[in-house]
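The structure appears below as structure tokens.
The values are calculated or read from the model by the stated rules, or taken from the named source; none is laboratory data. This is a predicted model, so every value here is computed, not measured. Neighbour counts run over all protein chains shown; Cβ positions are idealised from the backbone, glycine included.
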Amino acid sequence: MRNRFDTRRLGYVTLVMALMSVIVGAGGCKSVKLSDADAQFNRGEYNDASKTYRKIYNRLTKREERPLRGEVAYKMATCYRMLNQSSRASAAYQNAIRYEYPDSMAYYWLGRSLQMEGKYAAAATAYRTFLEWQPDNLLAKEGLKGALRAETDRKNKNTSRYIVKNVKLFNSRRADFAPMYLDKNFDQIYFTTTNEKVTGTNKSEITGMKKSDIWYSKKNERGEWQRPEPVEGELNSDMDEGIVSFSANGQTMYLTMARRAPDAPTTVEIYTSQRSDASWSKPVKLDIISDTISAMGHPAVSPDGTYLYFASDMPGGYGGKDIWRINLKERAGSLENMGPQINTPGDEMFPYMRTDSLMYFSSDGHPGLGGLDIFKARLNSTGKFWSVEEMPAPVNSAGDDFGITFGEGESGFFSSNRGDGRGYDHIYSFELPELKITISGWVVDKDDEPVPNAVIRIVGDDGSNQKEIARDDGSFKFNLQRGVKYVMLAGAQGYLNVKQEFESDSEEADAEYGVDFVLAAVNKPQVVENIFYDYDKATLRPESKAALDEMAQMLADNPNVTIEMASHTDRHGSDKYNEGLSDRRAKSVVDYLISIGVDPNRLTWKGYGESRPKKVTKRINKEFPQFEEGTELTEEYILTLDPEQQAIADQINRRTEFEVTSTTYDMY
């Protein structure tokens, strides 16, 4: 329920009543019934007050009673707002405006209530109207910003990959909220509940529900959550208990308790309880400051146990409820407000320290989707600046979202009143599935045969370093991260290494990349594809340079290798002419490689003319099945073919190759 701590929101009834005193004093009605309603309101008994105001509102039908009807509508709307019943609050604020209630805040609160209903366009209109009266109001500006952004996101269907589910096992017909894991085993979850089986029989005048207790659930041996039950020991009472945090060893619980006395306003304080086996001791108040008026609740222990973070309305903040912390080891003089990067003129509550530099909290002062939204704050390396970002939908919603706790990875629980017209909170699970970003392919030789025992290494600029041996069929697969630059290297004994570079997409979506490595064997000639010369000339054509650039890279990836470049012609022309032409062509390849930086000492060349006809490989046979694998394309064989097949055979014989001559260059 909203703005009560009666458990959930610190209640801060003292603060609320102080803020509302102006409104209560504004009424001029002498009716006993209105006085009763005002008294209920002044005590923070919003559930009862809303019913009384409703009865009075329905009786005020005369024209001269319109101003009083507007006042009653405003007070009734405020009760609904405190109870988180946003649709009822919106209707009542609209009635207050209709009857010309003379306070521009009606437009502000109407905007807030409409925003919590998810009526973003109407909320923006209400905020703009309010800003005409108070153009510098920061909360209204932030509310307008959030409403406009939420409307845009909805139109564009912007959402995240988070999966959010109502945890029906944990939830009752009443309010269940603020889940928290006991420890890093993640096998026990504690939460606050107002279900009908809690301790005590009296219902809260504020909410109409029974006062909250702390319950828990644990996993069985199969890892399944069991039906929740109340914690054992002296912890729960007929007062409100809830919003817990635990020391790292799970032996100390920090909790919020509401203190209510007949002669004093309700406030909330932080207590501790100790665990013995499965039983919790009677809570003991934790003294933080001597101030007995300010409310303090929503404790959150830092993982290293040094600090206790909490929410409070104590003086010295930025407005509303702020997040503060104290040093548990040296409490005296250590009280510290978390500053304007975290705190706003609105309410910041429900801190949760995932690490010592990563805080989650809920706020209605930062621009958001509706009521309380969950925000993530990361402390920079200097330890002085927090960068704050909103958790995306569907974690956040138009309603109140708060009280998050993380289990393994990007999963856990939080609470929300989304979709509940009564304003009751329920517990939800969330999970961010890991992105499935992979790269796969094959390592084969020049004849498309799998390379035995090929090793693939992949190094990312995020510091990752992976290694895998290709399967028998030459295939491999790696898991990757998004937005990372990778360098891959494939190699095997008896083959030259091949390197490839690429960058994975930064888009938050699954992706699969494919890359194949074709390795050149060290012990036999390797054809260099796509080398072209003009007819009857040794001059390289421009389209040949891409293949030779790749060859230069291959030599850079294999710095201890020397090669011989060889050029071969077809059967046409004299032996002497063909040897001369092929020799000039091989030299032109070497000259080009030297021109782009290859060490000339690693290169030799030779033209073989037509003296080394090509033998049909498996790869050639796949492309030209008319030539049987193993066949040598000699002139005698070619003359047995028809003219069309002769031309193809001649084309195969015209080729540029390289052969490794040494693998120990510059090693000694």
Q: Give the residue, chosen from A264, A258, that is in contact with a Phe, Trp or Tyr (Cβ under 7 Å, 6 or more places away or on another chain) and modelled with pLDDT under 90.
A: A258
Q: Pairs only if they're at least six apart or on different chains, beta carbon under 7 angstrom, first in the stretch 650-667 and in a loop (DSSP other than H, G, I, E, B), second surrounded by 14 or more Cβ atoms within 10 Å (Cβ to Cβ); list them, first residue then second.
A: R654/H568; R654/T569; R654/D570; T663/V522; T663/V561; Y665/V561; Y665/T562; Y665/R602
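Go through E623, E636 for me and flag whichever is within 21 Å of Q526 (Cβ to Cβ) and among the acidic types (D, E).
Criteria check complete, one pass: E623.
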Q) Looking at the stretch 198-234, which of the residues that are aliphatic (A, V, I, L, M) and modelled with pLDDT of 95 or more is farthest from R422 (Cα to Cα)? A) V231
Q. Out of all the residues in the stretch 545-567, is one or more outside the structural domain of E449 (by TED's automatic domain parsing), in contact with a Pro (Cβ under 8 Å, 6 or more places away or on another chain) and among the aliphatic types (A, V, I, L, M)?
A. yes
(Q) When the residues of the stretch 511-536 are narrowed to those that are small (G, A, S) and not in a loop (DSSP other than H, G, I, E, B), which ends up nearest to I458 (Cα to Cα)? (A) G514
Q) Which of the residues that make up the stretch 511-543 are crowded, with 17+ Cβ neighbours inside 10 Å and modelled with pLDDT under 90? A) I531, Y533, A538, L540
Q) In the stretch 418-453, how many are within 33 Å of the chain's Cα centre (by Cα), closer than 19 Å to M488 by Cβ and of a type in the set (S, T, N, Q)? A) 2
**Q.** Looking only at the stretch 565-623, and only at residues there that are among the charged types (D, E, K, R) and part of a strand (DSSP E or B), the one that is farthest from T664 (Cα to Cα)
**A.** K615
Q) Under 8 Å by Cβ, and 6 or more places apart or on different chains, what pairs join a residue from the stretch 544-571 that is on the phi < 0 side of the Ramachandran plot and touching a residue at least 60 places away in the same chain (Cβ under 8 Å) with one that is assigned to a loop (DSSP other than H, G, I, E, B) and aromatic (F, W, Y)? A) P559/Y665; N560/Y665; V561/Y665; T562/Y665
(Q) Within the stretch 433-455, does at least one residue satisfy the condition of being of a type in the set (G, A, S), assigned to a loop (DSSP other than H, G, I, E, B) and either more than 25 Å from F246 (Cα to Cα) or touching a residue at least 40 places away in the same chain (Cβ under 8 Å) (or both)? (A) yes
Q: Kindly list, by first and then second residue, each pair from a residue in the stretch 258-286 that is loosely packed, with under 11 Cβ neighbours inside 10 Å to a residue that is of a type outside the set (D, E) and modelled with pLDDT of 85 or more, limited to pairs with Cβ atoms under 7 Å and residues at least 6 apart or on different chains.
A: V284/Y271; V284/T272
Q: From the list R154, R161, R128, pick out the single residue that is of a type outside the set (S, T, Y), modelled with pLDDT of 95 or more and over 26 Å from V198 (Cβ atoms).
A: R128
Q: Just need a number here: residues in the stretch 348-387 that are in a loop (DSSP other than H, G, I, E, B) and touching a residue at least 40 places away in the same chain (Cβ under 8 Å).
A: 10
(Q) I need a count of the residues in the stretch 476-504 that are part of a strand (DSSP E or B), within 23 Å of the chain's Cα centre (by Cα) and surrounded by 14 or more Cβ atoms within 10 Å (Cβ to Cβ). (A) 2
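Taking the conditions exactly as written (basic (K, R) and crowded, with 18+ Cβ neighbours inside 10 Å), does K436 satisfy them or not?
no
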Q) Across the stretch 604-642, what is the number of residues that are charged (D, E, K, R) and either in contact with a helix residue (DSSP H, G or I) (Cβ under 7 Å, 6 or more places away or on another chain) or more than 30 Å from L593 (Cβ to Cβ) (or both)? A) 8
Q: Taking the residues in the stretch 401-427 that are assigned to a loop (DSSP other than H, G, I, E, B) and of a type in the set (D, E) as candidates, determine which candidate is modelled with the lowest pLDDT.
A: D420
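Of the residues in the stretch 499-537, how many are aliphatic (A, V, I, L, M) and under 28 Å from L435 (Cα atoms)?
Looking only at that region, the number is 3.
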**Q.** Selected residue [more than 36 Å from the chain's Cα centre (by Cα), surrounded by fewer than 24 Cβ atoms within 10 Å (Cβ to Cβ), touching a residue at least 12 places away in the same chain (Cβ under 8 Å) and more than 22 Å from A175 (Cα to Cα)] from R59, R63, R98
**A.** R98
Q: State which residue is farthest from the chain's Cα centre (by Cα) when the search covers only the stretch 454-467 and only residues that are under 12 Å from Y486 (Cβ atoms) and surrounded by 15 or more Cβ atoms within 10 Å (Cβ to Cβ).
A: I456
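Inspect all residues belonging to the stretch 468-475 and state whether any of them is out of contact with any Cys (no Cβ under 9 Å at 6 or more places or on another chain) and surrounded by 19 or more Cβ atoms within 10 Å (Cβ to Cβ).
There is at least one residue in the stretch 468-475 that is out of contact with any Cys (no Cβ under 9 Å at 6 or more places or on another chain) and surrounded by 19 or more Cβ atoms within 10 Å (Cβ to Cβ).
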